[in-house]
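In what follows, a structure is listed as structure tokens, so that the remarks can point back to it.
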Amino acid sequence: MSQIDPENSTHAKSRALISTDGEDPLALLGALRGALDGGPALGLGMLGDRPDTVADGTAAVIGTSGSSGIPKRVVVSAEALRAGAEATASRIGTGRWLLALPAGYVAGLQVLVRSILSGTTPVTLDGGFSPRSFAEATLPMLRTGTEQLFTSLVPAQVSTLLEAAEEDTTVLAALQAYQAILVGGQALPEPVRERAAEMGARLVRTYGSTETSGGCVYDGIPLETVAVKTVEGELRIAGPMLADGYLGDPGLTARTFVRDEHGIRWYRTGDLGIVEDGVVRVHGRADNVIVSGGVNISLDRVERLVRSIPGLTGAVVVGVEDERWGEASVIVAARGEALRRSEAEQLEHAREVVAAELGKPARPARLVIVDEIATLASGKPDREAVRRLL
């Protein structure tokens with residue numbers, strides 16, 4: 001797809017852009033069908049002024065969650081959305097989808113796209129997400145059809161369901177009903193993945209972003225039409241599901257989407273990682289780094305290790321100013337997640353785990369317990385809100 005900024009071009013064909021909050025998934029489903037078939041494009045979660053038209057071929061302009069404090073408006077074509085959905089179907093199969101995420105974000109939107117392409121209507125939750133609403137939506141799907149069932153969740157939802165399934169057999173049956181449960185938005189803690197496997201829930205870890213029309217690497221393996229490489233440690237992705245760019249920001253578009261010497265267009269993810277024997281391993285955000293005592297520390301890598309510790313699987317690690325070291329990392333955990341030790345002992349254990357893997361300078365300085373960790377509508381932790389709290 002070409003990188004045309006509709007606000008700065010008078011030559012490209014255009015189509016209307018209509019704003020929607022996506023709160024009514026079934027209404028959005030109808031509008032999305034039109035957008036995929038040449039109708040008006042959808043403006044989802046957009047803030048501030050917007051144009052009345054966008055470049056022809058655009059299906060949606062999606063406002064990102066801004067979990068790092070920098071929201072963007074990503075222009076995604078119908079071709080890209082279809083390519084992402086078709087690649088997913090090729091990997092895991094087709095069937096009936098449960099929408100358990102906000103439809104205004106790319107993971108929820110792709111549930112709708114996959115449903116449209118498979119000729120099915122997605123099932124929605126009655127009210128907000130809870131173990132009860134999840135089970136009540138899932139079990140009738142089992143009784144009324146022979147199709148394979150799929151859904152997409154974030155790690156916090158998975159943890160909530162696993163906890164409830166310990167006591168409620170209907171929630172357990174609902175978890176076990178899905179051929180695949182796509183899990184993305186943030187790293188899936190290893191204890192959660194292991195517990196899910198023990199309980200018979202088939203989780204698929206996904207990696208991707210709005211700029212890649214959702215997850216495009218499943219359990220470390222790129223989807224069939226996706227290529228992943230590293231350049232100076234940064235992961236880059238190519239494939240037909242790449243977004244066209246950012247609405248009204250051609251400079252950012254040019255910096256983020258680049259072509260190599262062969263003319264292949266790559267998305268610069270901003271994530272550090274490696275690709276070994278075809279397996280993608282993500283180490284964390286290149287910009288989520290603090291300098292503690294002169295040593296660069298990846299907060300994502302610290303958080304991944306902290307989340308491997310029972311009692312801290314839902315914790316968030318953020319950086320704060322430190323009088324002695326310049327910057328230091330702090331673990332923030334919700335009170336509802338039972339600590340396996342006293343707070344002091346839990347912190348010391350976390351420091352030992354991190355030091356063993358990343359060295360002593362990476363050890364978290366504090367453990368802070370809060371009533372609950374602020375989240376964005378997408379289900380991701382609101383890291384800016386957590387930082388402000390500290």
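The values are calculated or read from the model by the stated rules, or taken from the named source; none is laboratory data. In this text the structure is predicted, and so the values were computed from the model without any measurement. No Cβ is skipped: glycine too gets one built from the backbone with ideal geometry, and neighbour counts run over all protein chains shown.
Key figures
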| item | result |
| --- | --- |
| Flag if GLY185 is in the same structural domain as VAL54 (by TED's automatic domain parsing), crowded, with 20+ Cβ neighbours inside 10 Å and in a strand (DSSP E or B) | no |
| Answer from ILE309, ILE290, ILE297 - the residue that is closer than 15 Å to GLU357 by Cα, touching a residue at least 24 places away in the same chain (Cβ under 8 Å), touching a strand residue (DSSP E or B) at 6+ places or on another chain (Cβ under 9 Å) and outside any helix (DSSP H, G or I) | ILE297 |
| Per-region count, the range 84-98, residues surrounded by fewer than 22 Cβ atoms within 10 Å (Cβ to Cβ) and among the hydrophobic types (A, V, I, L, M, F, W, C) | 2 |
| Residue among GLU345, GLU321 that alone is part of a helix (DSSP H, G or I), over 18 Å from LEU188 (Cα atoms) and of a type in the set (D, E, K, R) | GLU345 |
| Flag for GLU303 being under 26 Å from the mean Cα position of the chain (by Cα), modelled with pLDDT of 90 or more and acidic (Asp, Glu) | yes |
| Search result, residues across the range 34-61 that are surrounded by fewer than 14 Cβ atoms within 10 Å (Cβ to Cβ) and either part of a helix (DSSP H, G or I) or touching a strand residue (DSSP E or B) at 6+ places or on another chain (Cβ under 7 Å) (or both) | LEU47, ASP52 |
| Residues that are in a loop (DSSP other than H, G, I, E, B) and surrounded by 23 or more Cβ atoms within 10 Å (Cβ to Cβ), drawn from the range 202-222 | SER213 |
| Filter pass, GLY278 being surrounded by fewer than 17 Cβ atoms within 10 Å (Cβ to Cβ), in contact (Cβ under 8 Å) with a residue 12 or more places away in the chain and farther than 22 Å from ARG193 by Cα | no |
| Residue tally, condition part of a strand (DSSP E or B) and small (Gly, Ala, Ser), over the range 75-94 | 1 |
| Candidate set from the range 123-156 (those that are over 26 Å from LEU188 (Cα atoms) and in contact (Cβ under 8 Å) with a residue 40 or more places away in the chain); member that is surrounded by the fewest Cβ atoms within 10 Å (Cβ to Cβ) | GLY145 |
